[in-house]
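Participant: Pasting a structure below so you can have a look.
The values are calculated or read from the model by the stated rules, or taken from the named source; none is laboratory data. No experiment lies behind these values; they were computed from the predicted model shown. Here the Cβ positions follow ideal geometry from the backbone for every residue, glycine too, while neighbour counts run over all protein chains shown. What goes into the accessible areas is simple: the full protein's heavy atoms, side chains included, and nothing from ligands, DNA or RNA. Shrake-Rupley method; radii C 1.70, N 1.55, O 1.52, S 1.80 Å.
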Amino acid sequence: MKNFTFWIKEKLWVTPAVYSIFAVALSIIFFYIDLYLIESLSEYIPSILLTNVDLAKTIMGNLSGALLTMTTFTFSTILVVLTMYSSQFSPRTLKNFVHDRLTWRVLGVFLGGFIYNTLSLLFMRAHLYSHDVISTFIGILIAFFCLATFAYFIHHISTTVQVGKLVIDLIGDTERVIKKFEGLWEKSSDEGTIWRPDGIKRSFAAGKAGFIGYIYFEELLEYAEKNNMEVEVLVSIGDYIHETKSIVNIYMADSEEFPINEYFIIGEERTSEQDVEFALQKLVEISLRAISPGINDPNTANDIVIRLGNLLGKIGSLKTDEVVLTDKKGNGRILYPYPKFREILYKVYYQFSYYGKDDISVLGALTDSLIITSETVPEKHKNDLWDIQLYILEGVAAKDLKSMDRIFLQKKIDILAERVNKRAVNLMDINGN
């Protein structure tokens, strides 16, 4: 059931299909209402809402053609936006637009309107009706609703293609992932707890290749407690695995099978449902694209980099490295290798250290982001922040910087050194220049 729910969320055609099925049902319902009930109810319905069969055919034929044209235009607009996302932002951000529920609901509304009017037109037979019908009025109402939806869709698209809106959405996705782990890690033991599994050790392979997309930790914890076992997870969310790769070790008294596919979702692509590194990667790629010579928009990149500092501060407050989840009695049940904070920092900044080393504004924003991170992370992670700062500066040719640029960057380095309790260093001395 869990796999089916996750599979449904990934399928784009489900929403338009539901709307289409509803339209088919609606057309059949009003066919029978017109056939058996409308004549007896006609005295209670204003005559202006009723039409004869010939007029109904004309109106519904025109509405069907108009709605089909709107559907085609909407689909074309979606393809244009997908192209823009891929070329201007990042191919990894396509999924954010593709999985936008509003987009597919709008397409579903147009398809439903077309299907209703087309089927109602099919049902309009002169020999069946000796009275006026109301199906045409319902079709007109649906057409008006489609027009309102189309107007809102244009507004939504014009907002969606703005890089600022995309960045805000991606930051929201990242924060949701962080909050998931904040709630989950409340069930974990104190850091430094020794992992001591007991019982027969058995390893279980994935059975198929792909990316670890989702792990049902809470359900897995309940299963481990119920069956008195310990589960050692050997992979992290976002890792790519092959068919024979062991992803868990199970420790229990009896040698039993483990329903691995019930608790681990393996897909062909990475998703940001639980993958905080992938969520950060999409933000990094947009900012790197912004500082590329083809786009040359460093201000957008700097804005994203500073926001990354806030996100990294929240991640640094999480328990990192190996996390042990405990049951209600405090027994360690699940060992999960959460990425180290130092590794997350490196994966965020290492491309900036190469592509942004020649732009003083980007270098300043990188240091600003580390300063922001230092304000919220625990004391134990501050050494990592300083090491990343020195790593970034290793690629900077300080002697080639203009005098005011050196002063600008040096001030920020001094502020960071004070925040992380390090001795301030001279920019000219960092890389031996």
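Participant: If the cut-off is a Cα-Cα distance under 17 Å, which aspartates and glutamates reach Lys399, setting aside same-chain residues fewer than 8 apart in sequence?
Facilitator: Partners within reach: Asp358, Asp359, Asp429.
Participant: Before rounding to the nearest 500, sum -39500 (n - 2.57) across all DSSP H runs of length at least 4 in the chain and divide by the residue total; then give [θ] at 222 nm in deg cm²/dmol.
Facilitator: It comes out at -18500 deg cm²/dmol, rounded to the nearest 500.
Participant: Expressed as a rounded percentage, what relative contact order does the chain have, with Cα pairs under 8 Å and six or more residues apart?
Facilitator: Relative CO of the chain lands at 14 percent.
Participant: Normalised by the residues of segment 52-139, what does the relative contact order come to in percent, with Cα pairs under 8 Å and at least six apart?
Facilitator: 56 percent
Participant: Shifting gears a bit: Would you pull out the residues with amide H under 5 Å of Val248's amide H, same chain only if 5 or more places away, H placed 1.01 Å from N?
Facilitator: For Val248, the qualifying residues are Phe204, Leu234.
Participant: Further question on the same structure: Search the structure for amide H atoms under 5 Å from the amide H of Ile266, placed 1.01 Å from N in the peptide plane, and list their residues when 5 or more places away or on another chain.
Facilitator: Gly213
Participant: Under the rule of at least 5 residues apart or a separate chain, name every residue whose amide H is placed under 5 Å from the amide H of Gly207.
Facilitator: Lys245
Participant: Could you put His127, His156, His242, His99 in order of accessible surface area, largest first, with the 1.4 Å probe and the full protein assembly present?
Facilitator: Sorted descending by solvent-accessible area, the residues read His127, His242, His99, His156.
Participant: So, one more: Carbon and sulfur atoms: what percent of the 1.4 Å accessible area of segment 71-182 do they account for?
Facilitator: Carbon and sulfur: 69 percent of the exposed surface of segment 71-182.
Participant: I've got another one for you. Which pairs break 24 Å Cα to Cα here: Lys179/Lys412; Lys179/Lys382; Lys347/Lys380; Lys314/Lys357?
Facilitator: Pairs exceeding the cut-off: Lys179/Lys412; Lys314/Lys357.
Participant: Something else about it: Residue by residue, what Karplus-based ³J(HN,Hα) values in Hz, rounded to whole numbers, does segment 259-273 have, using 6.51, -1.76 and 1.60 with θ = phi - 60° and x for Gly and Pro?
Facilitator: x, 5, 6, 7, 10, 10, 9, 10, x, 7, 10, 6, 10, 9, 4
Participant: Work from the charge dipole of segment 242-319 (Cβ charges, +1 for Lys and Arg, -1 for Asp and Glu, about the Cα centre) and give the residue of Ala301, Ser272, Ile260 farthest towards its positive end.
Facilitator: Comparing the listed Cα positions along the dipole, Ala301 ranks first.
Participant: Got a sec to turn the phi values of segment 326-335 into Karplus ³J(HN,Hα) couplings, 6.51 cos²θ - 1.76 cosθ + 1.60 with θ = phi - 60°, whole Hz, x for Gly and Pro?
Facilitator: Values per residue, Gly and Pro as x: 10, 8, 5, 8, x, 7, x, 10, 10, 10 Hz.
Participant: Further question on the same structure: In the calculated pair distance distribution of segment 26-126, what percentage of Cα-Cα distances lie above 23 Å?
Facilitator: Within segment 26-126, distances greater than 23 Å cover 46 percent of Cα pairs.
Participant: Sticking with this one: In whole angstrom, how far apart do the alpha carbon centroids of segment 272-326 and segment 44-113 sit?
Facilitator: The two parts, judged by their Cα centres, are 35 Å apart.
Participant: What is the packing order of peptides 341-348, 276-283, 136-143, 365-372, taking the mean over residues of other C-beta atoms within 10 Å and listing the highest first?
Facilitator: With the highest mean Cβ count within 10 Å placed first, the list reads 365-372, 276-283, 136-143, 341-348.
Participant: Does anyone have the angle between helix 101-123 and the longest principal axis of the chain? Alpha-carbon axes, 0 to 90°, nearest 10?
Facilitator: Roughly 20 degrees between the two axes.
Participant: How large, in Å, is segment 75-129 by the Kirkwood hydrodynamic radius built from its alpha-carbon pairs?
Facilitator: 13.6 Å
Participant: For segment 206-215, take each phi angle, set θ = phi - 60°, evaluate the Karplus expression 6.51 cos²θ - 1.76 cosθ + 1.60, and give the result in whole Hz per residue in order, putting x for glycine and proline.
Facilitator: 6, x, 7, 8, x, 9, 6, x, 7, 10
Participant: What do you get for the angle between helix 360-374 and the principal long axis of the chain? Use alpha-carbon atoms, 0 to 90 degrees, nearest ten.
Facilitator: 90 degrees
Participant: Follow-up question, since we're still on this one. What number, in percent, do you get for the relative contact order of segment 224-322 if the mean sequence gap of Cα pairs under 8 Å and at least 6 apart is divided by its residue count?
Facilitator: The value is 18 percent.
Participant: Shifting gears a bit: Averaged across orientations, what area in nm² does the convex hull of the alpha carbons in the chain project?
Facilitator: Mean projected area for the chain: 29.1 nm², to one decimal.
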